[in-house]
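Contents: one structure, followed by commentary.
The values are calculated or read from the model by the stated rules, or taken from the named source; none is laboratory data. Model, not experiment: these values are computed from the prediction. Here the Cβ is made from the backbone with ideal geometry for all residues, glycine too, and neighbour counts use every protein chain on show.
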Amino acid sequence: MARNLVARYIWIIDTIERHGALSLQRLNKLWEASELNDGKPISRRTFYNYRESILDTFGITIECNNATFEYFINHDESDMENRRQQWLLDSMSISGMLSDSSDIASRIVLESVPSARKHLPVIIDAMRANSRIAFSYKGYTRLTAKKNVVEPYFVKIFRQLWYVIGRNMDDNMIKTYALDRMTDLQILDSTFTYPATLRPDRFFKHCYGITSSTQEPIDIMLRVEATQAKYFRALPLHPSQSEVVHDRYSIFHYKMCNTFDLRERLLSHGAAVEVLQPVELRKQIVKALRDALNNYMPQKKNIGD
C-alpha cells in the first residue's frame, strides 16, 4: 500500500507540474485515465492529505490559487533548492510515465546506473546522520583495494555514475569516490560536524564533471562546427558558456579549469571541435590525438596478425 501511495504522490506532482495549474475536478478527469486509478475519484479531503504527505516526503509544496481554485507547485526561491526540486520532478516524471507505460515496457530501453540502488541509500543515511562510512575502494589504476574511512559530505551524479565527495580520515583531504568501485560499505558509529563553509553547489563551480581543481579558472575558447554547436546550445558544457555565431561555425567562450574530464569531453567531439585557447590545453588535445593516431599507424601490428 505504501508503494502505491508513493506512486500516487508522484503522479499528482508530475501531472500538476506538466499542466502548470489544475483544479481538483480537472485533476480527477486525468486521474480516470491513469493506470493507478482504483475506480474512485480523489476526494478533497484525500487530496489535502496527499498534499501534506508530498510536502513531508519530497519537500514539495502544492498551493491553491484562491481566485481560480487551481493547484500549482510552489518552487523554492533558492537556486540550489530549485535545481534539486527540478531534478526530483524530472526523475519522478519519468518514473510516473514508465509506471503508466507497462503495456509497452518492452519498447522502452533504459540505461543502468551502477551501484545506485545498492550503495546510494546507505550513503544518504550516513549523510543524514552525519556518520562516517568505511569501505574498500579499488580505483581503475590500482591492483588492490584500499580500505577508507570517509566523512560523506555530498553526492553527485555524472555520466550515469554516482559519486560521494567527502573528507578521507587518513590524509585529511576531500576526495571523490565512485560508488561502483566500492565494496564492503558500512556506516560507522563515529560522527562528524558538517563544514559550515562547504557549498556542494560551488565545489565544482569552475570544473566540468567530477574532477575538482584548486587552480584558478582560465579563459577557454572553442571553435565548434555549426551542426555540433546546436548540441552545445541544447546542453551547455558549463554555466559560463557564451557563444558568437558565424556562418559555418560558432566560437564558444568559457571561464573554467583545465581538468581531465574536460579534455575527455572535448576529445569525444573529434574534428567537430577545435581548441583555440589556451595554448596549453590545445597542446594537450593535440598530443592525445597524436597518441590515438599512433595506435593505427602501419608499423603497429594488429592483434589478429
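Would you tally the residues in the stretch 183-234 being at positive phi and surrounded by 17 or more Cβ atoms within 10 Å (Cβ to Cβ)? Break it down stepwise before answering.
Our first condition is that a residue be at positive phi; within the stretch 183-234, this holds for 184, 209.
From what's left, surrounded by 17 or more Cβ atoms within 10 Å (Cβ to Cβ): 209.
Looking only at that region, the number is 1.
Considering R8, R3, which residue is among the basic types (K, R) and either loosely packed, with under 14 Cβ neighbours inside 10 Å or modelled with pLDDT of 90 or more (or both)?
Values: R8 fails: either loosely packed, with under 14 Cβ neighbours inside 10 Å or modelled with pLDDT of 90 or more (or both).
Residue meeting the stated conditions: R3.
Have a look at L289, L276, L237 and point out the one that is in contact with a strand residue (DSSP E or B) (Cβ under 6 Å, 6 or more places away or on another chain), aliphatic (A, V, I, L, M) and not assigned by TED's automatic domain parsing to the domain that holds L120. Full working, then the answer.
Details: L289 fails: in contact with a strand residue (DSSP E or B) (Cβ under 6 Å, 6 or more places away or on another chain); L237 fails: in contact with a strand residue (DSSP E or B) (Cβ under 6 Å, 6 or more places away or on another chain).
When all the criteria are applied, what remains is L276.
May I ask you to list the residues in the stretch 235-253 that are of a type in the set (V, I, T) and exposed (fewer than 15 other Cβ atoms within 10 Å of the Cβ)?
Of the stretch 235-253, the ones of a type in the set (V, I, T) are 244-245, 251.
Across the stretch 235-253, the qualifying residues are V244, V245.
May I ask you to list pairs of residues, at least six apart or on different chains, whose Cβ atoms are under 7 Å apart, with the first in the stretch 221-248 being farther than 15 Å from A271 by Cα and the second being of a type in the set (G, A, S)?
Pairs that qualify, where the first residue is farther than 15 Å from A271 by Cα and the partner is of a type in the set (G, A, S), are E243/S250; V244/S250.
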